[in-house]
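Here's the structure, in structure tokens; my notes come after.
The values are calculated or read from the model by the stated rules, or taken from the named source; none is laboratory data. Small disclaimer: the values here were computed from a predicted structure and weren't measured. Glycine gets a Cβ as well: all are built from the backbone with ideal geometry, and neighbour counts include every protein chain shown. Ligands, DNA and RNA are excluded from the accessible area calculation, which covers all protein heavy atoms including side chains. Shrake-Rupley method; radii C 1.70, N 1.55, O 1.52, S 1.80 Å.
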Amino acid sequence: MSISQLGVIGLGTMGANLARNAARNGAKVAVYNRTTEVMNDFVKDYKKEGMIVPCKTYEELMRSLDTPRAVLLMVKAGPAVDAVIEDLLPHLEEGDIIIDGGNSHYPDSERRVKELKEKGIRFLGMGVSGGEEGALLGPSMMPGGDVTAWEDMKELLEKMAADDGLGGKCVTYIGEGGSGHFVKMVHNGIEYGIMQLIAESYDVLKNIGDYTNAELAETFGHWNKGDDLQSFLIEITAKAFEKKDDQGPGDLIDVIQDQAGQKGTGKWTTISALHYGVAIPTITAAVDARIISGSLDLRESKRPYTPDLEEPVPNKEKMRIMVRSALHLSTLCSYKQGFQLMKVASEEHNWQLNLSECARIWLGGCIIRSVLLKTFIDALSGDSAKEETASQYFEKQFSGEKQVFWRQIQELSASRGIPIPAISASLSYYDAIRRDRLPQNLIQAQRDFFGAHTFTRTDKEGTYHAQWE
């Protein structure tokens with residue numbers, strides 16, 4: 001069965017634009033908002049875009065839709081979602097579908113799938129990425145949960161989703177339980193990493209390379225045309241440097257406070273990585289950097305600083321090439337860490353995630369869409385020929401001059417007192433996974449010394465404990 005009607009609860013920016021998106025694509029859309037005035041204004045402004053039905057109560061919302069009914073919740077993640085579901089239940093019938101399109105924590109979605117299944121209600125926890133514009137014109141959507149609900153919603157969701165540029169749409173069934181919101185959470189973690197990497201690149205170019213905002217705009221604009229960094233985030237970065245301040249002289253970027261906000265998905269990604277035993281140092285460094293930016297009680301410019309200025313600063317063109325290399329390789333690390341986290345979690349929960357498909361649906365609509373994802377589609381495809389081609393690409397990128405520049409940017413930044421935690425973490429991650437032997441043999445020796453935790457040997461099988469004293 002294909003469902004071509006949709007109830008939408010919550011008409012904030014994302015909810016309103018997804019409702020408009022569905023209506024524009026031929027769906028009958030029944031809308032409800034806790035503040036009736038907001039709903040009335042929405043209907044007044046957008047009723048010409050399709051069949052939009054205003055509803056003042058949940059009962060009215062349910063009556064306006066044919067069974068089985070599908071209702072999209074676009075309310076604040078957490079207790080608010082549970083409260084709305086609880087209020088909806090008396091008006092639902094067996095086989096109806098609830099879709100949570102907010103940034104819910106995946107364990108909550110896991111729980112809701114099970115609880116609602118017992119009541120005969122089908123639940124999809126659906127990550128949605130693309131921001132305000134994407135929600136309206138075509139987002140990337142990551143639905144997980146009841147597979148029959150996905151089958152019934154597939155046609156409408158595919159109409160609403162962005163094009164992937166390969167002939168497909170940026171939506172696919174992710175897997176069971178809370179997998180949809182897990183994949184969206186990791187998407188946001190990767191996003192944190194890449195945004196921090198871009199910010200550090202800006203810092204180096206501006207404060208070591210002495211780039212002006214105009215030069216930064218031109219540089220990022222040029223990078224967005226290449227096959228290594230072309231992406232939505234690079235595109236909007238170039239535009240950010242061009243924006244003039246409409247409340248004073250100069251450029252807007254220079255008067256924005258250097259305190260980055262966060263809504264929790266980056267932190268959840270780091271916590272999940274610790275839980276599953278997966279190293280995601282680029283993403284974790286990005287989360288830490290946002291925390292430090294807001295820790296005004298810790299930030300003090302009078303702290304001792306002894307620069308090492310013996311090495312000359314490369315000319316602007318050389319700096320541009322060096323930073324581009326560091327940003328490119330570090331970005332690849334951010335993606336790799338995210339996919340590794342999804343792989344391990346999928347194995348633990350038996351979600352059977354198709355990681356190649358996850359990369360594909362991020363090609364359009366979403367915030368981390370990038371030309372680099374095409375290589376990850378092949379690398380994760382299970383096709384030996386495509387995987388070999390992708391492997392050769394990665395090996396080529398991490399070899400030779402690019403890697404040298406990556407290391408030199410870290411050295412240059414440290415000598416000038418410019419923190420680049422995400423770039424540094426990316427390089428350390430790469431060095432750790434390429435080494436044949438790491439120093440943790442000493443840590444295991446220490447653990448056995450003070451706690452008799454035992455160790456294994458390189459030259460023979462078995463578990464051992466030494467008499468250290």
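In region 80-95, the residues that are farther than 19 Å from S109 by Cα and open to solvent by 20 Å² or more (accessible area, probe 1.4 Å) reach residues that are of a type in the set (S, T, Y) and not in a helix (DSSP H, G or I) with C-beta atoms within less than 8 angstrom, at least six apart or across chains, in these pairs: E93/T67. As a summary of the residue check, E469 satisfies the conditions (1) modelled with pLDDT of 95 or more; (2) open to solvent by 90 Å² or more (accessible area, probe 1.4 Å) except for the one numbered (1).
Residue check: R416 meets all listed conditions (1) more than 30 Å from N354 (Cβ to Cβ); (2) at pLDDT 95 or above but one, namely (2). Scanning region 31-39 for residues that are buried (at least 22 other Cβ atoms within 10 Å of the Cβ), over 21 Å from W150 (Cα atoms), over 23 Å from the mean Cα position of the chain (by Cα) and among the aromatic types (F, W, Y) turns up at least one hit.
Residues in region 247-266 include at least one that is in contact (Cβ under 8 Å) with a residue 40 or more places away in the chain and open to solvent by 80 Å² or more (accessible area, probe 1.4 Å). The single condition among (1) outside any helix (DSSP H, G or I); (2) open to solvent by less than 100 Å² (accessible area, probe 1.4 Å) that T306 does not meet is (2).
Candidates in region 122-157 are the residues that are surrounded by fewer than 24 Cβ atoms within 10 Å (Cβ to Cβ) and β-branched (V, I, T); of these, the one that is nearest to R360 (Cα to Cα) is V147. Within region 359-389, being in a helix (DSSP H, G or I) and touching a Phe, Trp or Tyr at 6+ places or on another chain (Cβ under 8 Å) holds for A359, L373, T375, F376, A379. Quick test for you: out of K56, K48, K28, pick the one residue that is within 32 Å of the chain's Cα centre (by Cα) and open to solvent by 10 Å² or more (accessible area, probe 1.4 Å). Just a single option satisfies the conditions, and that option is K28.
Could you identify the single residue in K225, K243, K206 that is open to solvent by 20 Å² or more (accessible area, probe 1.4 Å) and closer than 27 Å to S140 by Cα? Write out each step before concluding.
On the way: K243 fails: closer than 27 Å to S140 by Cα; K206 fails: closer than 27 Å to S140 by Cα.
It is K225.
Could you identify the single residue in R447, R437, R407, R457 that is more than 30 Å from G167 (Cα to Cα), in contact with a Leu (Cβ under 9 Å, 6 or more places away or on another chain), modelled with pLDDT of 95 or more and open to solvent by 60 Å² or more (accessible area, probe 1.4 Å)? Steps first, answer last, please.
Numbers: R447 fails: in contact with a Leu (Cβ under 9 Å, 6 or more places away or on another chain); R437 fails: in contact with a Leu (Cβ under 9 Å, 6 or more places away or on another chain); R457 fails: in contact with a Leu (Cβ under 9 Å, 6 or more places away or on another chain).
The match here is R407.
Inside region 245-283, residues that are outside any helix (DSSP H, G or I) and polar (S, T, N, Q) make up a count of 4. Annotation: of all residues in region 418-469 being in a loop (DSSP other than H, G, I, E, B) and within 29 Å of the chain's Cα centre (by Cα), the one that is farthest from I208 (Cα to Cα) is R435. Beta carbons closer than 6 Å, at least 6 apart along the sequence or on distinct chains, pair a first residue in region 310-337 that is over 14 Å from S428 (Cα atoms) and touching a residue at least 60 places away in the same chain (Cβ under 8 Å) with a second that is among the charged types (D, E, K, R) and open to solvent by 10 Å² or more (accessible area, probe 1.4 Å) for S325/K402; H328/D228.
Taken together, G277, G189, G264 contain a single residue that is under 30 Å from Q352 (Cα atoms), at pLDDT below 95 and not polar (S, T, N, Q), which is G264. In summary, K56 fulfils each of the numbered conditions (1) closer than 28 Å to H105 by Cα; (2) in contact with a helix residue (DSSP H, G or I) (Cβ under 9 Å, 6 or more places away or on another chain); (3) part of a loop (DSSP other than H, G, I, E, B); (4) not hydrophobic (A, V, I, L, M, F, W, C) with the single exception of condition (1).
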